1. Using a cut-off of 16 Å between alpha-carbon atoms, which aspartates and glutamates can reach residue A:157, once sequence neighbours fewer than 8 places away in the same chain are excluded?
2. How many lysine pairs are close in chain B, with Cα atoms under 24 Å apart and the two 8 or more places apart or on different chains?
3. Would you look at the GNM of chain B, springs on alpha carbons closer than 10 Å, and say which of B:221, B:103, B:253 moves the most?
4. Can you give the percent of C-alpha pairs in region B:58-157 whose distance is more than 15 Å?
5. Given charges of +1 on the Cβ of Lys and Arg and -1 on the Cβ of Asp and Glu, with all other atoms neutral, how large is the dipole of the protein assembly as shown about its Cα centre, in debye to the nearest 20?
6. Normalised by the residues of chain B, what does the relative contact order come to in percent, with Cα pairs under 8 Å and at least six apart?
7. Within the set A:139/A:202; A:202/A:227; A:175/A:202; A:54/A:227; A:139/A:175, which residue pairs have Cα atoms separated by over 22 Å?
8. Rounded to the nearest 5, what % of the DSSP beta bridges within the protein assembly as shown are antiparallel ones?
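Laboratory data are not the source of any read-out in this text; all were calculated from the coordinates shown. Remember, predicted model here, so these are calculated numbers, not experimental data. No Cβ is skipped: glycine too gets one built from the backbone with ideal geometry, and neighbour counts run over all protein chains shown.
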Amino acid sequence: MAEPKPKTTIKLKAKDTSPKAQKSSSGPTVRTGRKPRAIPKKGEPLIVAEYLSKAFGKDAFALDDVSLEIREGEFVSLVGRSGAGKSTLTNMIIGEERLTEGRLFVNGWNVSLLKRRHIPFFRRQIGVVFQDFKLLSRKTVFENVAFALVVRGAPHKQIMEDVPRMLALVGLAGKEERFPHELSGGEKQRVAIARAFVHRPKLLVADEPTGNLDALYAWEIIEVLLKINELGTTVLLATHDRDIVNRLHRRVITLDGGRLIRDQEVGEYVL
Amino acid sequence: MLTFFRIVKFAFATVWRNVWLSFATTLVMFLALFMVTVLILLNVLATGALEVVQDKVDLSVYFVSDATTEEVNVVRTQLQSRSDVNTITYISKEQALKDFEERHSDNPLIQSALDELENPLQPSLIVKANTPDQYSAISEFLTSEQFSGVIEDVNLDDNRQIVEKLTSTTGILSQLAVWVSLLFTIIAVLITFNTIRLAIYTQKDEISVMKLVGATRTLIRMPLVLAAAFYAVVAAALSTALLFPVVNYIGPRANAFLGEVTVDIESYFFDNFWLIFLAQFTFAVVLAVVSSSIAMRRYLKK
Ligand SMILES: Nc1ncnc2c1ncn2[C@@H]1O[C@H](COP(=O)(O)OP(=O)(O)OP(=O)(O)O)[C@@H](O)[C@H]1O
Ligand SMILES: [Mg+2]
């Protein structure tokens, strides 16, 4: 690239950056891009990333010096071209990908130091949705959603109460006994969302949840995510769907070549 | 507790989903256990028979009828100084007669014949060696030139043949037991390993989703170990059950083969029933746990 990229991230203070310390010390995080409009009041920092880098091999950086902060209750879109590093970042946030450098706090967990044996307990506090749904093909819709609770050791009674409620929320009431192959792509993704949300996590990370869907179905999925956000859960949505991002009128973080190039409070898809 | 039930449920799902593989694995484990146990039982049988028979082997040294006690004692002392001789029993002319009379007390013909004769019997020594293979050396020593005047006959008991047969049988059996056990154990480990590997493969999606939604290592791994342990328990039960008819079959036949010597393999089996079952069970479970652990270590890395 001919033009030097503008440095768009303002780095957080380096001294004490645990999430606890941050709530007392920091004012509103300064972001560049469009001038912030009336921001609805948000809660505590839920994701704090400092100088995150991920190197595959020697000089191949999938993520390069990314710092950001996402607060409770936000709905954040993470956009960028293919290969920009969106999945790398979301995978880091869910503890699936190790970081090469930097520090990362999610929901009070220092993910950069997360021990393997702690990962299950960390996972239980977040919800994850992928482009390919990752449903269990031999299980019914009900069982797929229940599986998230079963694995957590939830009692039968809770499962019988929470799963139908969640299926109603995502608009799948009456389809409990279907198998994934009897569902449309949009419906499958709703099952996945129900599974990711059935335990009411504080954070829901969705990596291109609409990637396999037609535009119409795609927006329905986004509406489900918005509903979940209204219920208080922070949503991080990685996508490269311009229409969706522009229609959302929510915060947009733009990655390019592994760098955070833009962070707008009410953003648009600009690339 | 809830988690435990779910682990058991997942374990049965693993068994059921790969039902043919489960069947094959159980079968191979069963074969391994059964072969090993039968060989061990045969070994017990042969060793037991050997002990009984060994005790019956001896060497009788018959002196000429007019040999004096001194002459007998000379031979006796020389025998005693040999390291291969274990015990020596002296049976005098009179003792021999008494024994003979007793043995034939119900036969008046012999009784009356004996009354008329002067004691026709010879003094003798009964020699026991430390091990059966030492008898020929002792026998050679006694038939040498120096004793030809006093010793009339050296008689080796017939049991020696059976002993030799048994000694070689137990030797072969224990060797066979070691190799066959080893072979079958290796086969069983490989098969179980492969079954668990395939179970991991068929449940790949499940396992990745389990991890995704926060399943602990225990919840992912325990069902696999438990499935393998399940094969082990069934195999041990089958093997123990099949031992009943086998022992019933072997027992009488073995005794027929051994002739007058009897070793009660049936009562050995029943006396040690729980021990045998427990040993098989433990062996199979250890085998299952080890092989499934290797499979998991290999294929469930992350
Ligand atoms: N395991 C890996 N080994 C080497 N390079 C990798 C690996 N995973 C990702 N990368 C590289 O890291 C960069 C960022 O990948 P990432 O998957 O995060 O992109 P993305 O923004 O999610 O793209 P997409 O929109 O196509 O999903 C890419 O250049 C990719 O080639
Ligand atoms: Mg991606």
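1. A:143
2. For chain B, the number of qualifying lysine pairs is 15.
3. The residue with the greatest mean-square fluctuation here is B:103.
4. Values: 3097 of 4950 pairs.
Looking at region B:58-157, the distances longer than 15 Å represent 63 percent of pairs.
5. 7440 debye
6. Details: 327 pairs, mean separation 97.3, N = 302.
Reported as a whole number, the value is 32 percent.
7. A:139/A:202; A:175/A:202; A:54/A:227
8. On the way: 34 of 53 bridges.
DSSP beta bridges in the protein assembly as shown are roughly 65 percent antiparallel.
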